[in-house]
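Reviewing the structure listed below.
Please treat every number below as a calculation from the coordinates, not as lab data. This structure is a prediction, so every number in the text was calculated from the model and none was measured. All Cβ positions, even for glycine, are placed from backbone atoms using ideal geometry, and neighbour counts span all protein chains on display.
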Amino acid sequence: MLGYRHAFHAGGGADVLKHTTLVFCLEYLCQKETACLYIDTHAGAGSYAFAGGYAEQNKEWKTGVARLMEKTGKIKRSETPAMLNSYLSHIKTSAAYPGSPALAQKILRPYDRIVCYEKHPADFLLLREFLSHDCRAEARNADGFEGLKSLLPPPSRRACVLIDPSYETQDDYEKTASAVMEALKRFPTGMYLVWRPLLALDKAGETLRDSLMAMYNGNRCCAELITGDKRHAIGTKRGGLYGSGLVVYNPPWTLKAALEETLPFLADCIGWDHVSGFQWIDKRGNAQ
Ligand code: SAM
């Protein structure tokens with residue numbers, strides 16, 4: 001069994017980018033009345049105590065969400081990108097840092113459905129307990145890459161899928177690419193968010209981004225946030241993680257303007273050397 005526990009990293013820079021975008025996408029989906037399905041292929045434990053748990057050991061949240069809250073606390077709400085206000089409103093009303101299943105629970109409506117996969121036995125038990133009072137939600141102790149296939153296409157033809165592996169082994173990169181390809185074949189109009197790390201000693205994250213952007217002809221975008229100095233990341237834990245990125249397929253059309261405003265703000269606040277990256281390719285192949 002692999003050792004990754006998301007509790008050590010909850011609320012860090014990677015979570016801020018991922019969860020800000022996830023909140024935006026789910027809120028957008030909920031603007032239409034039709035029911036939707038949320039699938040979390042790598043769900044983690046659901047929610048993470050700031051104090052007393054693993055999150056206290058690494059304190060990654062102190063360099064991520066805590067810094068963001070400190071900065072936005074000092075400026076007017078109207079000076080903070082709206083996308084961040086929305087994300088932060090969900091954090092401020094939580095006793096613990098909400099992971100992706102918790103955010104989905106907060107945003108989705110009573111008639112929507114949530115399916116979460118988690119393979120780690122201990123995190124699965126925490127996740128199952130966390131979701132146990134929610135009749136919309138189901139926790140599955142199974143492989144999320146495999147499970148995804150069985151849920152697509154959803155009957156309502158409306159779904160948001162988060163693919164957020166831990167990339168502890170090299171084959172997670174290949175599995176991500178093939179799971180995305182298969183999912184897009186079965187349900188090409190779904191909204192998908194695919195997370196990947198940027199590692200100082202390994203180009204796999206960049207290679208995956210390029211193949212993810214090339215494997216689909218519809219609207220897609222990719223956002224990156226650099227949270228550490230690449231040179232200093234070498235030799236540190238997590239294979240020299242110095243940033244992370246998200247590829248989004250069929251993003252809300254409003255996501256482009258929202259990320260163009262939010263990424264530089266995040267780069268100033270929690271980034272390293274103010275570096276972020278963004279690319280939007282529309283269904284005609286025009287890069288913007
Ligand atoms: N999505 C969560 C969030 O944003 O709050 C964080 C998930 S964490 C990055 C990745 C999780 O995937 C870990 O808890 C790990 O145990 C789990 N995992 C690893 N391989 C898996 C697989 N093949 N299927 C399902 N879960 C897996």
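Only residues that are of a type in the set (S, T, N, Q) and under 14 Å from Lys283 (Cα atoms) were counted across the range 188-237, and they come to 3. Cβ separations smaller than 7 Å between residues 6+ apart or across chains give the following pairs from the range 162-189 residues that are farther than 19 Å from Thr207 by Cα and in contact (Cβ under 8 Å) with a residue 60 or more places away in the chain to residues that are among the aliphatic types (A, V, I, L, M) and outside any loop (DSSP other than H, G, I, E, B): Leu162/Leu22; Leu162/Leu193. The strands (runs of 3 or more DSSP E) falling completely within the range 106-176 include none with 1 or more residues that are more than 8 Å from the ligand (Cβ to nearest atom) and of a type in the set (Phe, Trp, Tyr). Applying the condition of being crowded, with 19+ Cβ neighbours inside 10 Å and aromatic (Phe, Trp, Tyr) to the range 98-135 and asking which residue is nearest to Tyr192 (Cα to Cα) yields Tyr117.
Within the range 151-195, the residues that satisfy the criterion of being crowded, with 21+ Cβ neighbours inside 10 Å and among the small types (Gly, Ala, Ser) are Ala159, Ala179, Ala183, Gly190.
Would you confirm whether any residue within the range 47-58 is in contact with a Leu (Cβ under 9 Å, 6 or more places away or on another chain) and closer than 26 Å to Cys135 by Cα? Among the residues of the range 47-58, at least one is in contact with a Leu (Cβ under 9 Å, 6 or more places away or on another chain) and closer than 26 Å to Cys135 by Cα, which makes the answer yes.
Condition check for Gly3 on (1) surrounded by 24 or more Cβ atoms within 10 Å (Cβ to Cβ); (2) within 11 Å of the ligand (Cβ to nearest atom): one failure, at (1). For the range 177-204, a residue qualifies if it is under 19 Å from the mean Cα position of the chain (by Cα) and in a helix (DSSP H, G or I), and the qualifying residues are Ala177, Ser178, Ala179, Val180, Met181, Ala183, Leu184, Ala204.
Loosely packed, with under 14 Cβ neighbours inside 10 Å and of a type in the set (D, E, K, R): is that true of Glu138 in this structure?
yes
Of the residues making up the range 10-60, those that are within 20 Å of Val247 (Cβ to Cβ), within 10 Å of the ligand (Cβ to nearest atom) and in contact with a helix residue (DSSP H, G or I) (Cβ under 8 Å, 6 or more places away or on another chain) are Asp15, Lys18, His19, Leu22, Asp40, Thr41, His42, Ala43, Gly44. Scanning the range 253-274 for residues that are more than 17 Å from Ser78 (Cα to Cα) and surrounded by 16 or more Cβ atoms within 10 Å (Cβ to Cβ) yields a total of 6.
Quick one: is Arg186 at positive phi and more than 16 Å from the ligand (Cβ to nearest atom)? Against the criterion (at positive phi and more than 16 Å from the ligand (Cβ to nearest atom)), Arg186 does not qualify.
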